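Q: Could you have a look at this structure, given as structure tokens, before my questions?
The values are calculated or read from the model by the stated rules, or taken from the named source; none is laboratory data. Small disclaimer: the values here were computed from a predicted structure and weren't measured. Cβ atoms come from the backbone with ideal geometry, glycine included; neighbour counts cover every protein chain shown.
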Amino acid sequence: MSEEELRNEIIEFQNLQQQLQMVVVQKQQLQMQLSELEKAIEEVTKASDKHAIYRAIGSVFIPKAQIALKKELEEEKEAIELRKSGLAKQETKLNERNTALRKKLESAQKQGLLSG
């Protein structure tokens, strides 16, 4: 392995580390959104038809029918679950590539091609 190839592998390894961090943070944010949506769905389900239900759109509150709001929230939840699933797949692929690169770099280090 040439010195330039090795340098490129190190840069790719560092980039993978950053991408993995971003994916993990995005997954955590989506999980928080899912938790909030689940609580909102639970509260909307508990509400009686006698009470008005409002949905915040920016800084404005819009009255919504219970059934319509519950449906909207469930659709949002489904969309977030799909995005979270996509991020999980991306995380798996990044981890696999990360592991392969780490082994390659460790091998280069053992061969004395890489210092430190």
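Q: Could you check residue 108 against (1) at pLDDT below 95; (2) hydrophobic (A, V, I, L, M, F, W, C); (3) loosely packed, with under 15 Cβ neighbours inside 10 Å and say which number it fails?
A: (3)
Q: On to the next question. Specify the residue that is nearest to residue 30 (Cα to Cα); the eligible residues are those in the stretch 75-116 that are among the acidic types (Asp, Glu) and under 28 Å from the mean Cα position of the chain (by Cα).
A: Quick first cut of the stretch 75-116, residues among the acidic types (Asp, Glu) only: 75-76, 78, 81, 91, 96, 106.
Narrowing the set further to residues that are under 28 Å from the mean Cα position of the chain (by Cα) leaves 75-76, 78, 81, 91, 96.
Details: 75: 14, 76: 11, 78: 11, 81: 8, 91: 14, 96: 23 Å.
Out of the qualifying residues, it is 81.
Q: Can you tell me which residues in the stretch 62-92 are of a type in the set (Lys, Arg), surrounded by 12 or more Cβ atoms within 10 Å (Cβ to Cβ) and under 20 Å from residue 12 (Cα atoms)?
A: First, pick out the residues of the stretch 62-92 that are of a type in the set (Lys, Arg): 64, 70-71, 77, 83-84, 89.
Among the residues that remain, those that are also surrounded by 12 or more Cβ atoms within 10 Å (Cβ to Cβ) are: 64, 70-71, 77, 83-84.
Result: no residue meets the conditions.
Q: Hey, another quick one. State whether the residues of the stretch 54-64 include one that is hydrophobic (A, V, I, L, M, F, W, C) and in contact (Cβ under 8 Å) with a residue 12 or more places away in the chain. Don't jump to the end; show me each part of the working.
A: Applying the first criterion (hydrophobic (A, V, I, L, M, F, W, C)) to the stretch 54-64 yields 56-57, 60-62.
Filter once more, so that each one left must be in contact (Cβ under 8 Å) with a residue 12 or more places away in the chain: none.
So far as the stretch 54-64 goes, no, none of its residues is hydrophobic (A, V, I, L, M, F, W, C) and in contact (Cβ under 8 Å) with a residue 12 or more places away in the chain.
Q: Consider only pairs whose beta carbons are under 8 Å apart and that are at least six residues apart or on different chains; among these, list those whose first residue lies in the stretch 17-41 and is closer than 14 Å to residue 90 by Cβ and modelled with pLDDT of 95 or more and whose second residue is surrounded by fewer than 14 Cβ atoms within 10 Å (Cβ to Cβ) and hydrophobic (A, V, I, L, M, F, W, C).
A: Once the first residue is closer than 14 Å to residue 90 by Cβ and modelled with pLDDT of 95 or more and sits in the stretch 17-41, its partners that are surrounded by fewer than 14 Cβ atoms within 10 Å (Cβ to Cβ) and hydrophobic (A, V, I, L, M, F, W, C) give 27/88.
Q: Please identify the pairs in which a residue from the stretch 84-97 that is in contact (Cβ under 8 Å) with a residue 40 or more places away in the chain has its Cβ atom under 9 Å from the Cβ atom of a residue that is among the charged types (D, E, K, R), counting only partners at least 6 apart or on another chain.
A: Pairs found: 84/27; 87/27; 88/27; 91/27; 97/12.
Q: Scan (1) surrounded by 11 or more Cβ atoms within 10 Å (Cβ to Cβ); (2) part of a helix (DSSP H, G or I) for the single condition residue 55 breaks and write down its number.
A: (2)
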